[in-house]
Amino acid sequence: MPTYTAPGVYVEEIPSSQKVLASAPTAVAAFVGFTERAPQDDPLDPDGLAPRLVTSWTQYEALYGGFVEGAILPLSVYGFFLNGGAMAYIVRIPNAEPSGEPARLSLPATDRSLGLPLAIESVEPDANITVVVETLETEDEDGPAPFSITIVDAGEVVESYDDLTIGGPRDAATVINKTSTKVKVELKLEKDVDLSSQLEVLKPGAYSLEKAAPVATPVSGRKFAGSETARSGINGLAIAEDVTIVAVPDLITAATKADGSLDLGLWKAVQTALIAHCELHANRVAILDAPPGLSPQQVKEWRSESAQYDSAFAALYYPWIKVENPTGTNGNSEILVPPSGHVAGLWARTDETRGVWKAPANDTLRGVLDVERSITQNEQGILNPIGINAIRPFGTRGIRVWGARTLASDTDWQYINVRRLFNMIESTILEGTQWAVFEPNDVALWEGVKRTLNAYLRGLWSAGALFGASPDQAFFVNCDATTNPPESIDAGRLVVEVGIAPVKPAEFVIFRISQNKQIAS
């Protein structure tokens, strides 16, 4: 408290006991899977395994490359942005290792008839080496001019050889092989080739030694799960605190065996790890893909007898969808992909246009040509009760998501929008009330917290997020001597009770129609 010693006018700022809460973001997705290449933007993460935020397909391409055969993640990320998504974290799973072979290159000649005079091979396997060839000026007009070769390793000049020739006392292969620790050189020209008419032999320029193609390696469920400490895999998303939607679209790539069958054990292991991650970080929900190629009866049996998931933090979609094949492999213009990426974009679009409290269903999926299998109303009748959300074509109304359930057996949490609404409110309160920590735990603090939460929840009720004809029916906030008795205050605790009535979707719209017969008066 300030001390006043001299007469005068004093102005003091008094902090308000009511703060304004802004809703936490709800449409930040994360995709875990395979990419064309690793990003090179972080020297502390040379393998590009840590989560990277991208806000457009163009930015994704700049970091991870584009569409590539054997990777579903690029197609899913493209579908996410196409359907209305705006922010996504990418977690790359390495599915190949260096070949272990030397990098090789044949240097071209200025005269095409001479072919490729020098073959260069790195001493170390998978080396990142560039060879720079320069022609040197000379007053001797007989025969080709000498040249220099500079060896650049990972962007740094490590060796340089001047005044080289093809043959003679400064023969390039002889000189370089005698001292170089980086490359080996072999002369490919015939010994009796006459070079006297040549002004220069090697074509000047910078040439990168070509590495052998990486060797594909099997990817285990443990590699998908990753490590929070190493910032890799699903668990590496712990550092991306604003993520609210998580998908692993590349399960099909990893789970396909050599004979073409699916390893459903791996499928379940990865999805179980994903669900566990979302339950641990309770502000996010997993979008799961059903295995491809299953009939409605088969996917019901897989869900009930094999997968046996029970979680309010996961939603399952069936069947797979057909999209344009951007790589055109095998002459196919269409390709089947898991729906999780496109559905994540639909969730983001619904959050933006209607709010997270609106069920992300009865809306079209953009960029979808067809579904893997059309299902009927009766077939969906066996899927919807067990939390399998159908994707169905409706003729001129397009291909629509026709389900909005989680995988929870607890009916309090059976709808996606209810779970995500609570996630948003909980994250908002957690972040927006940090100011109350270490404040005097008295009536002034209690009233300030109540005013802050009441104002925020009243705004949600006005927007249609909460059910009730009045704010009193929609929510309550209790923070007084009842919730904070002396023993609680002595323990340093401030207890606030918040109750909300979420809106739930009209999943079954029923019209009861009867004949209205005329009765004689």
Inset, instruction - Please report how far the C-alpha centroid of the range 404-429 lies from that of the range 144-178, rounded to the nearest whole angstrom. - result: 68
Legend entry - Cross-link reach list, lysines versus Lys358, counting only Cα pairs under 29 Å and skipping chain neighbours closer than eight places: Lys19, Lys300, Lys322, Lys450, Lys504
Inset, instruction - With an 8 Å cut-off on Cα pairs and a minimum separation of 6 or more residues, tell me the relative contact order of the chain in percent. - result: 15
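Summing +1 for each Lys or Arg and -1 for each Asp or Glu, what net charge is found among the other residues whose Cβ lies under 14 Å from the Cβ of Pro486? Can you show the working numbers first?
On the way: positive: Arg493; negative: Asp442, Asp480, Glu487, Asp490.
Spelling it out: positives minus negatives among the neighbours equals -3.
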Legend entry - Acute angle (nearest 10 degrees) that the helix 264-280 long axis makes with the longest principal axis of the chain, alpha-carbon atoms: 60
Legend entry - Full-stretch length increase - Glu241, Arg373 - with 0.36 nm per residue and alpha-carbon distance subtracted: 43.8 nm
Legend entry - In Hz, Karplus ³J(HN,Hα) per residue of the range 486-496 (6.51, -1.76, 1.60; θ = phi - 60°; x = Gly, Pro): x, 5, 5, 5, 5, 7, x, 9, 10, 10, 10
Legend entry - Karplus-derived 3J(HN,Hα), 6.51/-1.76/1.60, for each residue of the range 299-307, Hz, glycine and proline x: 5, 5, 5, 4, 5, 7, 9, 9, 5
Legend entry - Anisotropy class of the range 263-385 from Cα gyration tensor, a/c 1.5 cut: rounded
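Loop-only check: which trypsin sites (Lys or Arg not before Pro) in the range 9-102 are DSSP coil with at most 16 other Cβ within 10 angstrom?
Details: sites: Lys19, Arg37, Arg52, Arg92; in loops: Lys19, Arg37.
Within the range 9-102, the qualifying trypsin sites (Lys or Arg not before Pro) (loop, at most 16 other Cβ atoms within 10 Å) are Arg37.
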Legend entry - Between helix 443-463 and the chain: long-axis angle, C-alpha atoms, 0 to 90°, nearest 10: 80
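So what is the relative contact order for the range 1-101, in percent, with contacts set as C-alpha pairs under 8 Å and at least six apart?
Working: 110 pairs, mean separation 37.7, N = 101.
Reported as a whole number, the value is 37 percent.
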Legend entry - Amide H within-cut-off set for Ala127, under 5 Å, with H built and near neighbours excluded: Ala103
Inset, instruction - Calculate, in whole percent, how much of the Cα-Cα pair population of the chain lies beyond 38 Å. - result: 49
Inset, instruction - Rounded to the nearest 0.05, what FRET efficiency do Ser208 and Asn454 give with R0 = 51 Å and r taken as the Cβ-Cβ distance? Could you check? - result: 0.20
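How far, in nm, would the chain grow between Glu134 and Glu301 when pulled straight, counting 0.36 nm per residue and subtracting the alpha carbon separation?
Working: separation 167, 0.36 × 167 = 60.12 nm, distance 6.85 nm.
Roughly 53.3 nm would be gained on extension.
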Inset, instruction - Considering only DSSP beta bridges where both residues belong to the chain, give the percentage that are antiparallel (nearest 5). - result: 75
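What does the charge count near Ile129 come to, summing +1 for each Lys or Arg and -1 for each Asp or Glu among other residues with Cβ under 15 Å from its Cβ?
Details: positive: Arg104, Lys182, Lys184, Lys211; negative: Glu101, Glu121, Glu124, Asp126, Asp153, Glu156, Glu159, Glu210.
Computed value for this residue: -4.
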Inset, instruction - For Lys19, list long-range residues whose amide hydrogen, built 1.01 Å from N in the peptide plane, is under 5 Å from its own amide hydrogen. - result: Thr452
Inset, instruction - Could you state the angle between the C-alpha long axis of helix 416-432 and the longest principal axis of the C-alpha atoms of the chain, as a value from 0 to 90 degrees rounded to the nearest 10? - result: 90
Inset, instruction - Report the normalised scattering of the range 102-208 as log10 I(q)/I(0) at q = 0.18, 0.20, 0.21, 0.22 Å⁻¹, calculated by the Debye formula with identical scatterers on the alpha carbons. - result: -0.84, -1.03, -1.14, -1.24
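How big is D for the range 439-521, in µm² s⁻¹ as a whole number, if Stokes-Einstein is applied with the Kirkwood radius of its Cα pairs at 25 °C and 0.890 mPa s? Walk me through the intermediate numbers first.
On the way: Rh = 16.1 Å.
Reported coefficient: 153 µm²/s.
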Inset, instruction - With a point put 7 Å past each Cα toward its Cβ, work out how far Ser261 is from Asn516 in nm, to one decimal. - result: 6.3
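Between Arg37 and Tyr4, what is 0.36 nm times their sequence separation minus the Cα-Cα distance? Round to one decimal in nm. Don't jump to the answer; show the numbers that get you there.
On the way: separation 33, 0.36 × 33 = 11.88 nm, distance 6.70 nm.
Length difference between fully extended and current span is 5.2 nm.
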Legend entry - Sequence-distant residues sharing a close amide H with Ala30 (under 5 Å, placed H): Tyr89, Ile245, Val246, Ala247
Legend entry - Part-to-part distance (alpha-carbon centres) for the range 449-465 and the range 27-49, which is given in Å: 39
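Once you keep just the Cα pairs under 8 angstrom separated by 6 or more residues, what percentage relative contact order results for the range 244-357? Numbers along the way, then the final one.
Details: 123 pairs, mean separation 28.6, N = 114.
After rounding, I find 25 percent.
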Legend entry - Calculated from backbone phi, Karplus (6.51, -1.76, 1.60) coupling profile of the range 33-38 in Hz, x at Gly/Pro: x, 9, 10, 5, 8, 8
Legend entry - Those lysines that a straight Cα-Cα span of less than 21 Å connects to Lys182, excepting residues fewer than 8 apart in one chain: Lys211
Legend entry - Rg in Å to one decimal, and Dmax rounded to a whole Å, for the range 256-324 via C-alpha atoms: 13.0, 39
Inset, instruction - In nm, give the distance between the simple-model label positions of Asp442 and Ala501, each being 7 Å from the Cα along the Cα-to-Cβ direction. - result: 3.7
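Excluding the sites themselves, what is the longest stretch of the chain that contains no chymotrypsin sites (Phe, Trp or Tyr not before Pro) in a DSSP loop with at most 12 other C-beta atoms within 10 Å?
Working: sites that count: Tyr4, Tyr10, Phe394, Phe438, Phe508, Phe511.
The segment 11-393 is the longest one with no such site.
Coordinate-derived values only; no laboratory data. Quick caveat, the model's predicted, so the values are computed rather than measured. Every residue, glycine among them, receives a Cβ derived from its backbone with ideal geometry; neighbour counts consider all protein chains shown.
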